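Every number here is computed from the coordinates shown, using simple stated rules; none is lab data. Nothing here was measured: the structure is a model prediction, and the numbers come from that model. Ideal geometry is used to build each Cβ from the backbone, glycine not excepted, and the neighbour counts take in all protein chains shown.
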Ligand code: CUA
């Protein structure tokens, strides 16, 4: 009975979720009962003191107030409100006090994906795309075409360990929300916010962006995967050994393949078409290599490796005429940029 108010909440899966739910449940019951008492009395009095037949000139008796009633209806709610303050403040302090021993994961929001960086440099992203056709931008279009939609990488976290999330954004305000953990925090460009949680259940949970951040906001989703600690450590070590291969030299074909994957993962395809002439937000990138483009200051520039590298590292340095300076700086290594450039070169 007491738990009936919790039916609309997702399962609690972090250490403080149960306490959070208790506060929520208690406040819901108190306000629910107060609502019924006030509205019940209102309806009762409407009928009890309505004007009866033949009483059209009956006067309402004179009275001013009842001291006893006024003391009661001031004192009882005061005690209740102070009680609510203490249980809520206690829970708030728990949620806002980040344990010192926490594993720190750096999380960056951008239109429209989350990037996770682990302490050992392993980088994962929720970039979602249609496998096999990057031009299909929505889950609906992708599935309608009979192709598979990829939700990108999950945020993998260890069971029963404190995790600190260092949160920022590189473009607009996003908001990091994991309902099962009862955590929600804005990701604000130019500054850092923090939150923490200790997962108490293995399994997968949903990560949402809960701040409207543009037309694909509703697709800025991710998966949180809680695994036992030994499994987490093994996963992280394996990912780190894979990441160290980044630096090795690749053939042109391998670079093109890598670049093709990267433009989806890094989110380039959200704003640039990789087919000729199609405008999304930024210029289409197919068939431009080796050609001249006109800039918004009237100058012309040859599209070569140096220009592409500069435009990825410092997107507003040279703006193509007719386009807004809308691209955020990209957090890509030189090797990754090299692969993307080879991919752009390969497009006719
Ligand atoms: Cu990011 Cu909504």
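Each eigenvalue of the Cα gyration tensor of the chain, multiplied by 5 and square-rooted, gives one semi-axis; in descending order these are 55, 27, 18 Å. Of the beta bridges in the chain, as assigned by DSSP with both residues counted there, near 75 percent are antiparallel. The Rg/Rh ratio for region 207-311, using Cα coordinates for both the radius of gyration and the Kirkwood hydrodynamic radius, is 1.08.
Where only DSSP H runs of four or more residues are counted, the chain gives -11500 deg cm²/dmol as its mean residue ellipticity at 222 nm, each run worth -39500 (n - 2.57).
At a Förster distance of 51 Å, what's the computed FRET efficiency of residue 60 paired with residue 90, Cβ-Cβ distance as r, to 0.05?
That pair, residue 60 with residue 90, gives E of 0.60.
In region 103-243, the inverse of the mean reciprocal separation of distinct Cα atoms equals 15.6 Å; this is its Kirkwood hydrodynamic radius. Calculate the tail of P(r) for region 252-346: the fraction of all Cα-Cα distances greater than 17 Å, expressed in %. Roughly 46 percent, rounded to a whole number.
Got the relative contact order for the chain handy, in percent, Cα pairs under 8 Å and 6 or more residues apart? Walk me through the intermediate numbers first.
On the way: 558 pairs, mean separation 50.3, N = 348.
Computed value for the chain: 14 percent relative contact order.
Spin-label model, residue 145/residue 284: points 7 Å from Cα along the beta carbon direction are separated by 1.5 nm.
Each of 209, 271 was scored by other Cβ atoms within 10 Å of its Cβ. Arranged with the fewest first, they read 271, 209. For region 267-323, the C-alpha radius of gyration sits at 1.05 times the compact-globule guess of 2.2 N^0.38 Å, with N the residue count. By DSSP, the beta bridges lying fully in region 103-243 are antiparallel in about 70 percent of cases.
Sequence-distant contacts, meaning Cα pairs under 8 Å at least 6 residues apart, place the relative contact order of region 252-346 at 35 percent. Among 40, 322, 121, the residue with the largest mean-square fluctuation in a Gaussian network model of the chain, with springs joining Cα atoms closer than 10 Å, is 40. log10 I(q)/I(0), Debye, Cα-only region 164-228, no solvent, q = 0.17, 0.21, 0.22 Å⁻¹? The Debye formula, applied to the Cα set alone, gives -0.60, -0.87, -0.94. Peptides 211-223, 255-267, 46-58 ranked from most to least packed by the mean count of surrounding Cβ atoms within 10 Å: 255-267, 211-223, 46-58. Among 191, 168, 94, the largest mean-square fluctuation in a Gaussian network model of the chain (Cα springs under 10 Å) belongs to 191. Taking a quarter of the surface of the Cα convex hull of region 6-164 gives a mean projected area of 19.4 nm².
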